[in-house]
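Inspection log for the structure reproduced underneath, given as structure tokens.
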Amino acid sequence: MTTHAFKMQLKPGVVAEYRKRHDEIWPELSDLLRESGIYDYSIFLDEDTLSLFAVLKLREDNSRDTLPQHPVMKRWWDYMAPLMEVEPGNKPREWPLAPLFHLA
């Protein structure tokens, strides 16, 4: 098991819509994430900066690296692109976060 943490950035005025879209996450996307070995996935919001902090756990045999090629993932990124900073192809910009402390 590996823990992966990263930061993303929302655009101003879209917090409610971002939350709504995640509250209504597509079942096929949830299934895809689980099938790729992702579990225990949380996203937190810093309301002052609109930064999103994501933490997810990956199973050892995960296939997370294949997600950018999957049609469901691409469709989700296109759907979310108006709300956040993205790379070419609409993949959300991610800034990795280095682990500094963990209490088990």
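Restricting the search to the range 1-59, which residues are in a loop (DSSP other than H, G, I, E, B) and over 20 Å from Lys74 (Cα atoms)?
Met1, Pro12, Gly13, Val14, Glu47, Asp48, Thr49, Leu50, Arg59
Of (1) at positive phi; (2) surrounded by 13 or more Cβ atoms within 10 Å (Cβ to Cβ); (3) out of contact with any helix residue (DSSP H, G or I) (no Cβ under 8 Å at 6 or more places or on another chain), Gly37 satisfies all except one. Which?
With respect to (1) at positive phi; (2) surrounded by 13 or more Cβ atoms within 10 Å (Cβ to Cβ); (3) out of contact with any helix residue (DSSP H, G or I) (no Cβ under 8 Å at 6 or more places or on another chain), Gly37 is out only on (3).
Could you list, ordered by first residue, the pairs with Cβ atoms under 7 Å in which the first is in the range 78-104 and without any contact (Cβ under 8 Å) to a residue 12 or more places away in the chain and the second is surrounded by 14 or more Cβ atoms within 10 Å (Cβ to Cβ) and in a strand (DSSP E or B), at least 6 apart or interchain?
From residues that are without any contact (Cβ under 8 Å) to a residue 12 or more places away in the chain, the pairs are Val86/Pro92.
Collect the residues in the range 40-59 that are surrounded by 13 or more Cβ atoms within 10 Å (Cβ to Cβ) and over 21 Å from Leu100 (Cβ atoms), keeping them in residue-number order.
Leu50, Arg59
Every residue in the range 14-72 that is polar (S, T, N, Q), more than 20 Å from Glu85 (Cβ to Cβ) and over 14 Å from the mean Cα position of the chain (by Cα), please.
Within the range 14-72, Asn62, Ser63, Thr66, Gln69 qualify.
Could you tell me which of the residues Met8, Met1 is at pLDDT below 95, among the aliphatic types (A, V, I, L, M) and touching a Lys or Arg at 6+ places or on another chain (Cβ under 8 Å)?
Of Met8, Met1, the one residue that is at pLDDT below 95, among the aliphatic types (A, V, I, L, M) and touching a Lys or Arg at 6+ places or on another chain (Cβ under 8 Å) is Met1.
Does Pro68 satisfy the criteria of being surrounded by fewer than 15 Cβ atoms within 10 Å (Cβ to Cβ), under 25 Å from Thr2 (Cβ atoms) and of a type outside the set (Val, Ile, Thr)?
Criteria met by Pro68.
What's the number of the condition Gly13 fails, among (1) surrounded by fewer than 15 Cβ atoms within 10 Å (Cβ to Cβ); (2) on the phi < 0 side of the Ramachandran plot; (3) modelled with pLDDT of 95 or more?
Only one criterion in (1) surrounded by fewer than 15 Cβ atoms within 10 Å (Cβ to Cβ); (2) on the phi < 0 side of the Ramachandran plot; (3) modelled with pLDDT of 95 or more is unmet by Gly13, namely (2).
The values are calculated or read from the model by the stated rules, or taken from the named source; none is laboratory data. For clarity, every value in this text was computed on a predicted model and none was experimentally measured. In this analysis, Cβ positions are derived from the backbone assuming ideal geometry, glycine residues included, and neighbour counts consider all displayed protein chains.
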